Amino acid sequence: MVIMVNGKQIEWEENLTIKSLLKKMNYTFPKIVVRVNGKVVEQKKWAEFKVPDQAEVQAHHLIAGG
Amino acid sequence: MSVLIEKMRSSRKVLAAYHYVPALIERGYAGKTLYIDLTNKNIESKDVTRQMKDIFVGGKGFGLWYLWNAVTPDTKWNDPENEIIISPGPIAGITQYPGSGKSLLVTLSPLTDSVMDSNVGGFFGPYLKFSGWDALEIQGKADKDVVVFIDGDNGRVTIEEVDLDPSASHLLSEQLTELMAETEHDKKNISVVSTGSGAEHTRVGMLNFSFYDLRRKVARLKQAGRGGIGTVFRDKKLAALVVRFSGLSGKSNNPADPAAIARTGVKITREINKFDDTQFRMRQIGTANLMTPMNDYDLLPVHNFKYGSHKDAAGISSEVLRSRFTQKMPDGCWVGCALSCCKAVDNFVPKTGPFKGKKVTVDGPEYENAAGLGSNCGIFDADYVIEANFYCDTYGLDTISTGTIIAFIMECFENDILNETITGGLKLNFGNAEAAMELIHQMGQGRGFGKVAGQGVRRMKKIFAEEYGGDPAFLQDIGMENKGLEYSQYQAKESLAQQGGYALANKGPQHDEAWLIFMDMVNNQLPTFEKKAEALHYFPMFRTWFGLQGLCKLPWNDIIPESNAIADSPEKIPEHVQNYVDLFNAVTGKNIDKDEMIRQSERVYNFQRVFNLRMGFGTREHDAAPYRALGPVTEEEYESRQDRYDKQLKEDVGINPEGMSTDAKVAAMRKYRQGRYETLIDVVYKRRGWNENGVPTLGHLENLGIDFPEVVEVVKKHL
Ligand code: SF4
């Protein structure tokens, strides 16, 4: 009952959406590209998209920095 | 015309004059360098050779080559032989692609005693080139303050004595602009390089490059901040450089393929117009857009880099700073920059110092100013940040070094290494804005404890140990400098790749070689040493390229094209990399590809590494980082993020932290992190073609085509 988020093992829970996952990870940055098992999930679908158990999630922050 | 300007005009005394026919620009190059010897008041024109263009390209490459030929391994920063070289690079000056107006400066630094480079906006570089010069090479020292005027319209260079006050850079820029301009509109054709009194009294002097803002009717300033170049400038008794060029057009750079430049420029300008408001909001907030996310992700330097966030950080958040910027309009430091990230606070009234009660225009604050002068010193007050920013700029103090210096002093004060007797009554605790502001005035005016602060962190560590009984090991751990240069303002403790990005940088810990924190720490795109090393090869080389061309880094990845969503290496922004290849080819008529682009940089990067060796640095010991940059130095730091560190001990180090004292945990963490840093260095050196001591191998230099006899001679001593 785990998923991988940016290479880190995270406990999976029933009805885990992308929105709640990002909250759990403290990923507050507004520009994140989320891929679940390699497929991009658009931001407008984050609130309802259910992350399946064993999923590989990439949450890539588009931040340019210094 | 004011009385003051009239007085300046009538006081002008020409000490030397040189008349020339401005060279026609051909495919981005003028083919000539302006050489000025201030000691003998000698002004000459030098040819830019084919070899210089092929090997060193321009900008920083030209600066390094000229400096190499000017100095010996014994030359010190304040010897007359030291030079300041300013060179814009072949792409600089085009007006169709954003971020194409930068100048690169090179000198021997009073902080590092080795080679320093700095990249700056403003109109000076492009106007210098269009006045007929690919570079300006200044050597020698004048005996009295002088101004160098370059009149590109009339082909005349003069060294002059002028009755002026060089203590406040914002006024000097205004006055010299006024002096040279025939009409208000003509002011946009003038650019001034100057600094302030802080550059005379400290080692962290910077240079302001002006660009006239016709809407605000003020000379705006961009800073060549790092490494004390302003200190060298004043040591040469230079009060200012002034260039005048009035014929700017979209064709001034005379490129090989103007249509290709226009096409590429239109494409990215459209992107900026379409996406900037929903991406980084550079046009609205500039680099201050980073304040809030850095705090949210525990990356904002707080209390001399002890922590990465603070409960009061909202006081200087991105939105608070945004609310302080006036005339919320796009604002570029060179013509045609659609990303326009410059910001200003107009009609600001300082509460302290020589401009107390007077209305001034403040350029910024940018991220580094707010993080360095603000959060890193525990000060979360926007008014303080704006005022400190203003005074650093007009005194000519590098805001980044100044922030790190004050933060270091504050930590020493809180650890009883310093006290009020030593600081002359200043209670320099974290958060004391009043004392910090007074210290900035003292640095700017060469008074009191400011004279000690102005020596920089490396020299203060020695002074505090030898004179005030500080523990040298503790001072080494918390003094945030490497190679003598103060760290710029990112908390790198949780990103090993960024730790290398900082401490392996040729000139010292500035983030312009590599900024890998999110890629590494948050996105986890660099999970192995090899991946980190690859990033620490590619990005420093790629970013060096901007400095060869006279380009700004920001339009590369502070705007993301649509194609990036499906790109193979999205962190490289491949579409924009291709834009740059296309631009170079369109300007110069050459035919490079993405690989040759990196090789152009590699030649110059490795040459700079060898230059460091030649000056007595450049080996592994000089790439060491203070432990504060790698992990928690104190128990207080460890305990502030105990869950994180305990988890790392358990999962990454394989030690069960239960029952261990904090002291023991700090020691175990330190051993682990320092071991990883050393492994990283090994892997990066290998990837860069260097031996285990950080020395480029002869084979690598040969491959790059920079195995000149004098380069080989330097390297051989270290092999
Ligand atoms: S992005 Fe900002 S710093 Fe860069 S050239 Fe444009 S205005 Fe200047």
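Against the definition (away from chain A (no Cβ under 14 Å) and of a type in the set (Ser, Thr, Tyr)), how does B:Ser246 come out, yes or no?
Yes, satisfied.
For the range B:317-330, enumerate the residues that are of a type outside the set (Val, Ile, Thr), touching a residue at least 60 places away in the same chain (Cβ under 8 Å) and surrounded by 17 or more Cβ atoms within 10 Å (Cβ to Cβ).
Within the range B:317-330, B:Leu321, B:Arg324 qualify.
Tell me, which helices (runs of 4 or more DSSP H) wholly within the range B:508-598 include 1 or more residues that are open to solvent by less than 10 Å² (accessible area, probe 1.4 Å), more than 9 Å from chain A (Cβ to nearest Cβ) and over 29 Å from B:Ile261 (Cα atoms)?
The qualifying helices (runs of 4 or more DSSP H) are B:529-549.
Go over the candidates B:Cys341, B:Cys333, B:Cys337 one by one and state the one that is within 14 Å of chain A (Cβ to nearest Cβ) and within 16 Å of the ligand (Cβ to nearest atom).
B:Cys341
Kindly evaluate A:Ala64 against the criterion of being facing another protein chain (nearest Cβ under 10 Å) and assigned to a strand (DSSP E or B).
Judged against the criteria, A:Ala64 is not a match.
When you check A:Val33 against the structure, is it part of a strand (DSSP E or B), within 27 Å of B:Leu290 (Cβ to Cβ) and open to solvent by 30 Å² or more (accessible area, probe 1.4 Å), yes or no?
Here the answer is yes, as A:Val33 does meet what is asked.
Scanning for something within 16 Å of the ligand (Cβ to nearest atom) and among the basic types (Lys, Arg), does the range B:145-162 turn up at least one residue?
Looking for residues that are within 16 Å of the ligand (Cβ to nearest atom) and among the basic types (Lys, Arg), one finds none in the range B:145-162, hence no.
What tally of residues in the range B:145-185 results from selecting those that are surrounded by fewer than 19 Cβ atoms within 10 Å (Cβ to Cβ) and of a type in the set (S, T, N, Q)?
2
Search the range A:5-32 for residues that are within 9 Å of chain B (Cβ to nearest Cβ) and pair each with any residue that is among the polar types (S, T, N, Q) and not in a loop (DSSP other than H, G, I, E, B) when their beta-carbon atoms are under 7 Å apart and the residues are at least 6 apart or on different chains.
Every condition considered, the pairs that remain are A:Asn6/A:Gln58.
Consider B:Arg628 carefully, then state whether it is away from every other protein chain (no Cβ under 14 Å), outside any loop (DSSP other than H, G, I, E, B) and either surrounded by 21 or more Cβ atoms within 10 Å (Cβ to Cβ) or within 16 Å of the ligand (Cβ to nearest atom) (or both).
So B:Arg628 passes the test.
List every residue pair whose Cβ atoms lie under 9 Å apart, where the two residues are 6 or more positions apart in sequence or sit on different chains, the first residue falls within the range B:266-282 and is within 23 Å of B:Phe325 (Cβ to Cβ) and more than 12 Å from chain A (Cβ to nearest Cβ), and the second residue, located anywhere, is crowded, with 21+ Cβ neighbours inside 10 Å and among the aromatic types (Phe, Trp, Tyr).
From residues that are within 23 Å of B:Phe325 (Cβ to Cβ) and more than 12 Å from chain A (Cβ to nearest Cβ), the pairs are B:Thr269/B:Tyr97.
Check B:Glu635, B:Glu639 and return the single one that is open to solvent by 20 Å² or more (accessible area, probe 1.4 Å) and without any contact (Cβ under 8 Å) to a residue 24 or more places away in the chain.
Only one candidate passes the filter, namely B:Glu639.
Of everything in the range B:72-98 that's out of contact with any Phe, Trp or Tyr (no Cβ under 9 Å at 6 or more places or on another chain) and among the hydrophobic types (A, V, I, L, M, F, W, C), which residue is farthest from the ligand (Cβ to nearest atom)?
B:Trp77
In the range B:354-377, which residues are away from the ligand (no atom under 12 Å from the Cβ), closer than 17 Å to B:Thr399 by Cα and open to solvent by 30 Å² or more (accessible area, probe 1.4 Å)?
Residue satisfying the conditions is B:Thr361 alone.
Do any strands (runs of 3 or more DSSP E) entirely within the range B:22-141 hold 1 or more residues that are among the acidic types (Asp, Glu), and if so, which?
B:32-37, B:42-47, B:115-120, B:135-139
Condition check: open to solvent by 10 Å² or more (accessible area, probe 1.4 Å), away from the ligand (no atom under 16 Å from the Cβ) and in the same structural domain as B:Lys462 (by TED's automatic domain parsing). Does B:Phe408 satisfy that?
no
The values are calculated or read from the model by the stated rules, or taken from the named source; none is laboratory data. Source: prediction; values computed, not measured. Every residue, glycine among them, receives a Cβ derived from its backbone with ideal geometry; neighbour counts consider all protein chains shown. Heavy atoms of the whole protein, side chains included, go into the accessibility calculation; ligands, DNA and RNA do not. Shrake-Rupley method; radii C 1.70, N 1.55, O 1.52, S 1.80 Å.
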